[in-house]
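Participant: Here's a structure for you.
What follows is calculated from the coordinates using simple rules that are stated; it is not laboratory data. Just so you know, these numbers come straight off a predicted model, no measurement behind them. Heads up, the Cβs are rebuilt from the backbone with ideal geometry, glycines too, and the neighbour counts pull from every protein chain shown.
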Amino acid sequence: MSFRSGGRSAIFAVGMHNMGGIEALRLAREVSKVPDGTFTIAFFPYNRVRGEASATLRVVSGCKVRAQLPRDRFWIDSENYFLFTDAKGECKTCYRILIRFMGFPQDNFKLRKIEWL
């Protein structure tokens with residue numbers, strides 16, 4: 001499988017190292033509590049204006065889970081969103097269901113396929 005990250009293409013193998021979505025989000029919260037703890041996330045961005053998800057997977061490294069900010073306003077239940085910051089500390093949001101891969105420090109950030117169902 002291939003995807004684009006910051007203008008570069010990357011290829012990785014998807015094997016037996018799948019992870020359930022709820023477990024992945026729990027692990028992301030735990031990793032974020034450690035001072036230097038970060039994770040990598042790969043998801044399909046969603047365009048609310050067009051009402052569709054992108055066909056290009058977006059990969060963001062150096063992430064930490066963040067709390068909802070007062071300026072964060074959602075049209076649907078906030079439980080549908082995953083809130084995080086990137087390596088630059090910029091606030092990011094994605095739909096949980098569109099998260100496809102996550103990588104954690106204990107696996108040297110090897111991306112694991114996220115299973116939601």
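Participant: Which peptide among 44-56, 104-116 comes first, and what is the full order, when sorted by highest mean count of other Cβ atoms within 10 Å?
Facilitator: The packing order, highest mean first, is 104-116, 44-56.
Participant: Another question, then. Apply the Karplus parameterisation 6.51 cos²θ - 1.76 cosθ + 1.60, with θ equal to phi minus 60°, to every residue of the range 95-110 and state each ³J(HN,Hα) to the nearest whole Hz, in sequence, with x for glycine and proline.
Facilitator: 6, 4, 5, 8, 6, 10, 9, 9, x, 10, x, 5, 10, 6, 6, 5
Participant: Can you compute 3J(HN,Hα) from phi for each residue in the range 27-43, using the Karplus curve 6.51 cos²θ - 1.76 cosθ + 1.60 with θ = phi - 60°, rounded to whole Hz and x for Gly and Pro?
Facilitator: Here the 3J(HN,Hα) series is 5, 4, 5, 5, 4, 5, 6, 7, x, 9, x, 9, 9, 10, 10, 10, 8 Hz.
Participant: In addition: Skipping prolines and chain starts, which residues have an amide H placed within reach, meaning under 5 Å, of the one on residue 115, given they are 5 or more residues away or on another chain?
Facilitator: 19, 20, 21
Participant: How far apart, in nm, are two points set 7 Å out from the Cα along the Cα-to-Cβ line at residue 107 and at residue 17?
Facilitator: Each label point lies 7 Å from its Cα, and together they span 0.6 nm.
Participant: For residue 92, give me every one of the lysines with a C-alpha distance below 20 angstrom, ignoring sequence neighbours fewer than eight places off in its own chain.
Facilitator: Leaving aside lysines fewer than 8 places away in the same chain, those within reach of residue 92 are 33, 64.
Participant: Taking the Cβ of residue 30 as the center, what net charge do the other residues with Cβ under 12 Å away carry, scoring Lys and Arg +1 and Asp and Glu -1?
Facilitator: Net charge around residue 30: +3.
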